[in-house]
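Q: I have a structure I would like to understand better, so I am pasting it below and will then ask my questions one at a time.
The values are calculated or read from the model by the stated rules, or taken from the named source; none is laboratory data. As the structure is a computational prediction, the values presented were derived from the model and not from experiment. So basically every Cβ, Gly included, is an ideal-geometry build from the backbone, and we count neighbours across all protein chains shown.
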Amino acid sequence: MHAILKCSRPADILLIGLDDTDSAASRGTGHLARLLAAECARRGLAPRGVTRHQFLVDPRIPYTSHNSGACVAVESDGGAEAAAFAYDFVAARAAPGSDPAVCVAPAAAVSPQVMAFGREATRRVLEVAEALDLAQRAGLALQPLGGSGLGVIGALASVGLRAEGECGRFIDLLRLRELPRRVTLDVLVRLGIRVESPGGGRDPAATDACETMGWLRPRLVGGEPVLPVQWSGQHDAWVPVDRKHAQP
């Protein structure tokens, strides 16, 4: 496996988890998370990417489409209070009839128990009371914002998975969605993406081309955005291993 870049991780990171903000007729939680990231930037909180986190799909769990939550990471010198506006921001924009919730936590304060809760959300049915109790014991700010409050599960789990840094996809990163269909790999490196070729063979070089297919969603690995690629003779370029049609 070849790594082009390994990114450093800043110390003062805030995580804002949100879930259950949508309805069948509205844009998804990921869209609202990207709006929140833009508002964070407007308020001087430097965005560090938005991640999507997939939870268990089970008929016992009510969800709109795929049962996934989102987490916005930002740099801040002001502690969790700097992102307290997120509760009102999400509540005002959540779809009517949804069950939204937000969790705001310094990344350094996310305990192993909260990370484990995030992993559990990917494999078993959890209860609202479990999330609220754990957040209280862990000293994390978790607020239901309407409806049944069901979103507290995904909001807390999204924070746990983002903090652990091993399960999720980046759905927003600086200029990620503005990339053309064909770029050189050094463009991705400058966005902070680590490019890897897990299949062996030739190693990617910074000047090689990458055919983005119009859709790049790096994986969250080791707390960083990582893009696995493979060589395509058809495109005479590296192409992402993950494709849009393969998403759950």
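Q: On the given criteria, is Ala129 small (Gly, Ala, Ser), in contact with a Gly (Cβ under 8 Å, 6 or more places away or on another chain) and either assigned by TED's automatic domain parsing to the domain that holds Gln230 or at pLDDT 95 or above (or both)?
A: For Ala129, the condition - small (Gly, Ala, Ser), in contact with a Gly (Cβ under 8 Å, 6 or more places away or on another chain) and either assigned by TED's automatic domain parsing to the domain that holds Gln230 or at pLDDT 95 or above (or both) - is not met.
Q: Right, here's the next one. With touching a Gly at 6+ places or on another chain (Cβ under 9 Å) and in the same structural domain as Asp20 (by TED's automatic domain parsing) as the only criterion, which of Gly154, Gly223 stands out?
A: That would be Gly154, the only listed residue that is touching a Gly at 6+ places or on another chain (Cβ under 9 Å) and in the same structural domain as Asp20 (by TED's automatic domain parsing).
Q: Those residues that are surrounded by fewer than 18 Cβ atoms within 10 Å (Cβ to Cβ) and among the polar types (S, T, N, Q), I need them from segment 23-39; list them, please.
A: Matches in segment 23-39: Ser23, Ser26.
Q: Are there any pairs with C-beta distances below 7 angstrom linking a residue in segment 42-64 that is basic (Lys, Arg) to a residue that is loosely packed, with under 15 Cβ neighbours inside 10 Å, with the two at least 6 apart or on different chains, and if so which?
A: Filtered contacts from segment 42-64: Arg60/Val125.
Q: Among the residues of segment 95-116, is any in a loop (DSSP other than H, G, I, E, B), closer than 15 Å to Ile61 by Cβ, β-branched (Val, Ile, Thr) and assigned by TED's automatic domain parsing to the domain that holds Gly160?
A: No, the conditions are met nowhere in segment 95-116.
Q: Of the conditions (1) touching a Lys or Arg at 6+ places or on another chain (Cβ under 7 Å); (2) under 30 Å from Val57 (Cα atoms); (3) among the charged types (D, E, K, R), Arg177 clears all except one; give me its number.
A: Tallying (1) touching a Lys or Arg at 6+ places or on another chain (Cβ under 7 Å); (2) under 30 Å from Val57 (Cα atoms); (3) among the charged types (D, E, K, R), Arg177 fails exactly one: (1).
Q: Can you confirm whether segment 155-168 contains a residue that is outside any strand (DSSP E or B), more than 19 Å from the chain's Cα centre (by Cα) and of a type in the set (Asp, Glu)?
A: First, the residues of segment 155-168 that are outside any strand (DSSP E or B): 155-168.
Filter once more, so that each one left must be more than 19 Å from the chain's Cα centre (by Cα): none.
No, there is no match, as no residue in segment 155-168 is outside any strand (DSSP E or B), more than 19 Å from the chain's Cα centre (by Cα) and of a type in the set (Asp, Glu).
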